[in-house]
Every structure is written in C-alpha cells, then in structure tokens.
Amino acid sequence: MRMYDIINNKKNNKVLTKEEICFFVDGYVKNEIPDYQVSALLMAICLNDINLDEIFYLTEAMINSGDTIDLSNIDGITIDKHSTGGVGDKTSLSLLPMLAACGLKGSKMSGRGLGHTGGTLDKLEAIDGFNINISDMQASDIINENNFIICGQTLNLVPADKKLYALRDVTATVDNIGLIASSIMSKKIASGAKNIVLDVKLGSGAFMKNLESAVKLSETMVNIGERFGKNIRAIITNMDEPLGKAVGNSIEVIEAIETLKGNGPNDFESLCIFLCANLLEMTGIASSLENGEQIAKEIIDSKKALNRFEKFVELQNGDSKVVNDYSLFKQAKYKADVLSLNTGYVHAINAEMIGKAALVAGAGREKKEDNIDYSAGIMINKKVNDKVKDGDVLATIYTDNQNKIEEIKAQILNAFKISEEKNHNAKLIYGIVTKDGFIPYKN
Ligand code: URA
C-alpha cells in the first residue's frame, strides 16, 4: 500500500477502506509517513468529505494508536461529558459534583487552555495545592470515596489525535465534521465511560457557526458512539455569548462554587441542570428529563453537590477552605470597569473576542510555555437581552497588566453588540440529538 495512492483516491472522491485508513494513521504515528503527505490527505478529506464508515474506521485507528482506560474496576454507573469548547465554560466543575451527588461515577480527563478558550486544568490549579496528576491507584480510591476525579492525561491516550490535531491546526484542516468527530470520539471512547453527554457549542465562540452543521456534527458523533456500544447523546447549546459571567481561572472556579451554592448565573445554572438531567435520564436514575431537572435542583438546594466539590478539592490535595473563603485565591492588582457607550439591549456578546480580551488580561496562554495569571479575567455584567444605558458597566477587567487595560476595554466594547430591540432568537439550548435524530428544545 502507498500513501500516494490513498491521497489520490480521496482526491478523486473515492471512499477509503479500513485498511487504507489504518495504514495512514499507523504510519503517521510511527513517523513513517511525513507531514506533507498527511496534510495533503487531510485537505482532500476537507474538500471531498469522509462518510460514516470512514469516520468510524478513523476513530478506531486513532484509539488503537495508544492506551485506553479500563473503568471495569469502578463499581457503578460510569459517565463522561465533553464540550466542544467555548468561552467561560466551567461546566465540568459544577456538573461532575452534581452527578457524583446523584451516585454516578466520573473519571474526567481535562485539558489546558490555549488561545481564546480556557482549560479546566488551569482553572483548578488556581486553587492552592490542587493536584491534577493522579495515578491509576489513587484514581480508583478517590472515585470509590467521592465518585469522581478531574485530572490531566497520564496515560498515552490517542497519540494519533495529538499529532493530527497539531497538523490540522496549521494546515487549515480543523473545520471538517468527520475530522472533528473522530478526534473527539476517539478520546471519549478511549476514556472508557459507558454513558456520555456531548455539549456541542453553536455560535460566535464555537467551531459550529450554524444549526445545520451543529446537528450534523452531533449526529455524526452520536452515530460513532453508538457503534462503540456507548449510551450517548449530544446537546446543542449557545455560544453567542460567554457561558455565565466569569471568564478567567479563579473567577470561573468561584462562579462554579457559587452555582453549587444556588447563586449561579441563570444560563450557567440552567445548562448544568439540563446536562445533569440528561445523564440522569439516560442512566435510568430519572424517569424523564423533567424528573432529572427536579433531582438536579434538589442536589444543589441540599448542598450535596457542594459537599462533593469540597471533598473533591481536598482529595486532590487542594486547599478546600477556598469554598468558603474566596480571599484565599490570588487577587488581581487592578480592576477596571468597561462602560457602555450606547443605550438599548445587549443583542450578542462575541465570545471569541471576550476570550481574547481575557487572554490579554493574563488569563490564558498564547504559546504552550506561557504562564497564566490565575487572578486575571473578565467579569461580564450585562448578558444578552439585558437592558443597558449609556454609562452602565458592561464588564469588569481583572489584571496585573495596567498598561493593557485600555486595549482590553476596546476589545470588550467591540465584542458587545447593542441594539434597540431584544434578540428574539437567543436560546440557551437548541436541541438534543439522540440516535433517533434532532429534537428541537423549547427554552
Ligand atoms: N475538539 C477536539 O478535541 N478535536 C477537534 O477536532 C475539535 C475540537
């Protein structure tokens, strides 16, 4: 078999065989096939697409390129969630304790932030002492005691995705549904949980910019998950404004804790409740979505989820006193309000622009080796459809970089679209995709 022929086949819009797909993934991981040939194939895939069988074989070949996690020693129902990435997305921090309080078990592997989106691991490391490097032994002990962990990747999971993603990133071949689906699903399947909820983001801050493509990506991932025997569904949710109000690291952790205390921003709290309800229904703990939502609310009201969070921080060596004393987080040196120049309603808040502003404030990294300032970030004060008057505070900047404040202010003002009328199309949840297709959701 020759890589040249595989590229040529895809260029001529032929369906690749399982053998051809395994050949290229295997050869690339072993450094036997050069970047330039794989780049050519990725571009041909972007132009001519791959069908569901090809996506399945690609996912399978990527999983087989590395280790997989065996959760069979965990007694109970295993769950996992994944978000396709957004700004202000601290969902795992609140959702995992909620699910744990309902008796579901999760071993969530998270990543670091790069560019305008934040990473769960960075947020957690804003807590003094928090340890994201958990050995297999510790992981089972912690899960048996508190039902969940959130950690970094210790095993060599899906090395093919690391190489392919890095190449896609620099060859303009990220935004293909088959490639995104195989990239995400290979990591989810390798992580071992039986029940999976995918939070597919739609909007200015997301990969998917329209409903049609978000549905297609969701259907593709659900189909692949089903073929691997998973109980899976995708929820399509809004990213036409940052999720919640906090965008940064420590301020996002505080917002996640506040949500578990029952004081979260409406959109973030509703999303956590909805995702929790879906997993409760899928695993048979709830009899319906409504029943699941009721259980999720009770778990917040009773503080059971908050107690799980506190225990989680303690078991991963973090200072759990932060839960009741936010002054224990590093504080930013400077705080500056961004004032509205117009009167009207917030129509949209470009999430990507806010993410970039938070990056300039110090909350993220442009290059892998950059340091993060955990106290830096943006606190949104006006959300979509809020009424705003000239001079009202739209957002507050937290930073140690005094000389960047004017630049950040300009970025934030640019991100806010204010209009005379409310945005009647704004929705938090667009719909649910199961193996039976897309069901629109009435918010
Ligand atoms: N997230 C991933 O993990 N992979 C993609 O290709 C896109 C988003």
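The values are calculated or read from the model by the stated rules, or taken from the named source; none is laboratory data. Computed from a predicted model, the values in this text were never measured in an experiment. Because the Cβ atoms are built from the backbone with ideal geometry, glycine has one as well, and the counts that use them run over all protein chains shown. The protein model used for the area step is the full one, side chains on, heavy atoms only, and it has no ligands, DNA or RNA in it. Shrake-Rupley method; radii C 1.70, N 1.55, O 1.52, S 1.80 Å.
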(request) Would you point out the residue of the range 154-175, among those that are within 11 Å of the ligand (Cβ to nearest atom) and within 22 Å of ASN48 (Cβ to Cβ), that is most open to solvent (accessible area, probe 1.4 Å)? (result) ASP175
(message) For the range 338-373, give me each residue that is touching a residue at least 24 places away in the same chain (Cβ under 8 Å) and open to solvent by 70 Å² or more (accessible area, probe 1.4 Å).
(response) LEU339, LEU341, ASN342, THR343, MET353, LYS356, GLU366, LYS368
(request) Please find, within the range 191-219, the residue that is most open to solvent (accessible area, probe 1.4 Å) out of those that are of a type in the set (Lys, Arg) and away from the ligand (no atom under 13 Å from the Cβ). (result) LYS209
(message) Just to verify a result, which residue in the range 176-190, among those that are surrounded by fewer than 24 Cβ atoms within 10 Å (Cβ to Cβ) and near the ligand (Cβ under 9 Å from one of its atoms), is farthest from GLU219 (Cα to Cα)?
(response) LYS187
(request) Among the residues of the range 95-112, write down those that are crowded, with 22+ Cβ neighbours inside 10 Å, out of contact with any Ser or Thr (no Cβ under 8 Å at 6 or more places or on another chain) and either modelled with pLDDT under 95 or not hydrophobic (A, V, I, L, M, F, W, C) (or both). (result) PRO97
(request) Can you confirm whether the range 57-76 contains a residue that is assigned to a helix (DSSP H, G or I), more than 29 Å from GLY264 (Cβ to Cβ) and more than 16 Å from the ligand (Cβ to nearest atom)? (result) yes
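Right, MET3: away from the ligand (no atom under 16 Å from the Cβ) and either surrounded by fewer than 21 Cβ atoms within 10 Å (Cβ to Cβ) or of a type in the set (Gly, Ala, Ser) (or both) or not?
Numbers: away from the ligand (no atom under 16 Å from the Cβ): yes; either surrounded by fewer than 21 Cβ atoms within 10 Å (Cβ to Cβ) or of a type in the set (Gly, Ala, Ser) (or both): yes.
Yes, satisfied.
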(message) Quick check on this structure: which one of ALA277, ALA332, ALA296, ALA305 is crowded, with 21+ Cβ neighbours inside 10 Å and assigned to a loop (DSSP other than H, G, I, E, B)?
(response) ALA332
(message) Among (1) touching a His at 6+ places or on another chain (Cβ under 7 Å); (2) open to solvent by 60 Å² or more (accessible area, probe 1.4 Å); (3) over 30 Å from ASP169 (Cα atoms), there is one condition SER419 misses while meeting the rest; what is its number?
(response) (2)
(message) Consider the range 372-422. How many of its residues are part of a strand (DSSP E or B) and either farther than 16 Å from ALA246 by Cα or at pLDDT below 95 (or both)?
(response) 5
(request) Given the conditions (1) closer than 27 Å to ASP301 by Cβ; (2) open to solvent by less than 10 Å² (accessible area, probe 1.4 Å); (3) in a loop (DSSP other than H, G, I, E, B), report the number of the one that VAL87 does not fulfil. (result) (1)
(message) Exactly one of these conditions fails for ILE50: (1) buried (at least 20 other Cβ atoms within 10 Å of the Cβ); (2) outside any loop (DSSP other than H, G, I, E, B). Give me its number.
(response) (2)
(message) LYS18 - would you say it is over 23 Å from ALA206 (Cβ atoms) and out of contact with any Cys (no Cβ under 9 Å at 6 or more places or on another chain)?
(response) yes
(request) Out of GLY229, GLY244, GLY225, report the one residue that is free of Cβ contacts under 8 Å to residues at least 40 places away in the same chain and either away from the ligand (no atom under 15 Å from the Cβ) or not in a loop (DSSP other than H, G, I, E, B) (or both). (result) GLY229
(message) Among the residues of the range 308-327, what is the count of those that are open to solvent by less than 70 Å² (accessible area, probe 1.4 Å) and on the phi > 0 side of the Ramachandran plot?
(response) 0
(request) Tell me which of these ALA286 doesn't satisfy, since it passes every other one: (1) closer than 24 Å to ASP267 by Cβ; (2) outside any loop (DSSP other than H, G, I, E, B); (3) at pLDDT 95 or above. (result) (2)
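For the range 13-42, how many residues are crowded, with 17+ Cβ neighbours inside 10 Å and not in a loop (DSSP other than H, G, I, E, B)?
The qualifying residues number 15.
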(request) Scan (1) in contact with a Lys or Arg (Cβ under 7 Å, 6 or more places away or on another chain); (2) of a type in the set (Asp, Glu); (3) under 24 Å from ASN195 (Cα atoms) for the single condition GLU219 breaks and write down its number. (result) (1)
(request) Test ALA126 against the stated conditions and say whether it is under 24 Å from ILE299 (Cα atoms) and either out of contact with any Leu (no Cβ under 8 Å at 6 or more places or on another chain) or crowded, with 22+ Cβ neighbours inside 10 Å (or both). (result) no
(request) Look through GLY225, GLY229 and report the one residue that is at pLDDT 95 or above, open to solvent by 10 Å² or more (accessible area, probe 1.4 Å) and among the small types (Gly, Ala, Ser). (result) GLY229
(request) Scan the range 247-274 for residues that are of a type in the set (D, E, K, R) and surrounded by 24 or more Cβ atoms within 10 Å (Cβ to Cβ) and jot them down. (result) GLU252, GLU255
(message) Quick test of your reading of the structure: HIS116 fulfils all but one of (1) within 16 Å of the ligand (Cβ to nearest atom); (2) closer than 22 Å to LEU104 by Cβ. Name the failing condition by number.
(response) (2)
(request) Could you please tell me which pairs satisfy a Cβ distance under 8 Å, a separation of 6+ or placement on different chains, a first residue in the range 170-185 that is free of Cβ contacts under 8 Å to residues at least 40 places away in the same chain, and a second residue that is within 10 Å of the ligand (Cβ to nearest atom) and of a type in the set (A, V, I, L, M, F, W, C)? (result) VAL174/ILE180; VAL174/PHE207
